[in-house]
Amino acid sequence: DFITHDATGQPILVVRGTDRVLRAFLNVCRHRSATVEQTPCGANRRAFVCAYHGWSYDLTGRLVGITDGASFGELDKAAHGLRRLRVAEKYGLVWVVPTALADGEPADLDIDAWLGPLAPDLAGWNMAGWEVQCALPIRPRMNWKLVIDTFLELYHFRYLHGKSVAPLFLDNITSYERRGRHSRFAVCKPSILEVENQPREDWRLRDHAVVLYNLFPNTVLAYTADHCGVFTSYPVTPDESLINVSILVDPVERAKRHEKYWETNQNLILAALDEDFTVGATIQANFRSGANKVQTFGKFEKALGWYHEDLTQALA
């Protein structure tokens, strides 16, 4: 199996070999730098063949074939494999660092060190066997950081999402926690008001709230009782971004519901994002007006303050 990914600005090829090991490479031929694999994803591939001159690579990234190879003399194939990237497969997600490794440099990625205190949380969601319900790109006319801002407060729901998702939640009732450079927060549903009268051993937060994680710097995970939304924002220009939206579903829960339920849920998420990004595009455009030299965050928006503090420190 393989998937290609270009949203970071680097051409990435992620491959699961016949040995079941996941590997990541720059999707660049070592001959003349053409893109090797041009399809978004696929399965049962035995090798990757560059469409430009036919150089071929096996599923471990080794150069295995050179057309008219005699013209290259004693070319060391071992030194011309696909450039490797650091990769980890954990918590139902794939994590890649899109910077090429030097020869002999290990490709292991300690994602737990990056996640820090959030690693046990992600382990607890037990998402390794979940399935992709949908995966689609959206191109908001917003800076990539402004896209993340839209996820970090519930203050706007009453006004912007009054006809979509706002009726599903208590108005502006959210619990925030800073977890290193990351944060987690719970957006409460009306049913949480009934929990106090139930035995404590029956309490389960995911039944009464959406639990979100802001994974620094560009990903938000949104967990409900039966699915997880994954939202990853990438810069295109200072005024435009690409957000990859994926909805992952627990197959056990999926079997309990009609397909119409999942379609309705997906459409509700996309409708709310459309509302966010329509307003967000006006914010992005209005930055140039000179009306505001700074953005003002209230106490309901403290997760935004944390996020931008961490961005400032990282950029420094």
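The values are calculated or read from the model by the stated rules, or taken from the named source; none is laboratory data. The shown structure was predicted, so the numbers you read here are calculated from the model rather than taken from an experiment. Here the Cβ is made from the backbone with ideal geometry for all residues, glycine too, and neighbour counts use every protein chain on show. What goes into the accessible areas is simple: the full protein's heavy atoms, side chains included, and nothing from ligands, DNA or RNA. Shrake-Rupley method; radii C 1.70, N 1.55, O 1.52, S 1.80 Å.
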*For segment 1-75, build the convex hull from the C-alpha positions and give me its volume per residue in Å³.*
90
*Please give the direction-averaged projected area of the C-alpha convex hull for segment 234-316, in square nanometres with one decimal.*
8.3
*At 1.4 Å probe size, with every protein chain present, just tell me what the per residue accessible area of the chain comes to in Å².*
55
*Accessible area of segment 1-142 belonging to carbon and sulfur atoms, whole % at 1.4 Å probe*: 51
*Diagonalise the Cα gyration tensor of segment 168-296 and give the resulting equivalent ellipsoid semi-axes, square root of 5 times each eigenvalue, largest first, whole Å.*
31, 20, 15
*Just the C-alpha atoms of segment 272-316: what Rg/Rh do they give, with Rh taken as the Kirkwood radius?*
1.03
_Cα centroid of segment 122-185 to Cα centroid of segment 222-251, whole Å_ = 9
*May I ask for the distance between the Cα centers of segment 263-299 and segment 188-209, given as a whole number of Å?*
31
*Compute the distance in nm between two label points, each set 7 Å from the Cα along the Cα-to-Cβ direction, one at Arg62 and one at Val236.*
4.1
*So which of Lys145/Lys260; Lys189/Lys299; Lys163/Lys189 end up more than 22 Å apart, counting from Cα to Cα?*
Lys145/Lys260
*Straight distance only, please: which aspartates and glutamates reach the Cα of Lys77 with their own Cα at less than 16 Å, same-chain residues fewer than 8 apart left out?*
Asp58, Asp68, Asp103
*asked:* Could you tell me the relative contact order of segment 179-316? Use alpha-carbon pairs under 8 Å, at least six residues apart, and round to a whole percent.
replied: 16
*How long, wide and thick is segment 41-100, going by the Cα atoms along their three principal axes, in whole angstroms, largest first?*
47, 24, 16
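Just the number, please: carbon plus sulfur as a percent of the accessible area of segment 145-280, 1.4 Å probe, no ligands or DNA/RNA counted.
54
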*What is the spin-label model distance, in nm, from Val94 to Leu311 if the labels are put 7 Å beyond Cα along the C-beta direction?*
2.8
_Within-11-Å neighbourhood charge of Ala88 [Cβ basis; K, R +1; D, E -1]_ = -2
_Choice from Asp202, Asp226, Asp171 showing the highest fluctuation, given a GNM over the chain with Cα pairs closer than 10 Å_ = Asp202
*By what distance, in whole Å, do the Cα atoms of segment 1-155 stretch along each of the three principal axes, largest value first?*
66, 35, 29
*asked:* Residues of segment 70-100 with the amide nitrogen closer than 13 Å to a label point 7 Å from the Cα of Ser33, along Cα-to-Cβ, please.
replied: none
_Quick check for you: which residues of segment 68-104 have the amide N under 18 Å from the point 7 Å beyond the Cα of Asp110 toward its beta carbon?_
86-91, 95-97
_Cα-projected label distance for Asp171 with Arg204, points at 7 Å along beta-carbon direction, nm_ = 3.1
*Over segment 200-240, what lengths in whole Å, largest first, do the semi-axes of the equivalent ellipsoid take, defined as the square roots of 5 times the eigenvalues of the alpha-carbon gyration tensor?*
31, 9, 6
_Principal semi-axes in Å for segment 64-174 [√(5λ), Cα gyration tensor, largest first]_ = 44, 20, 14
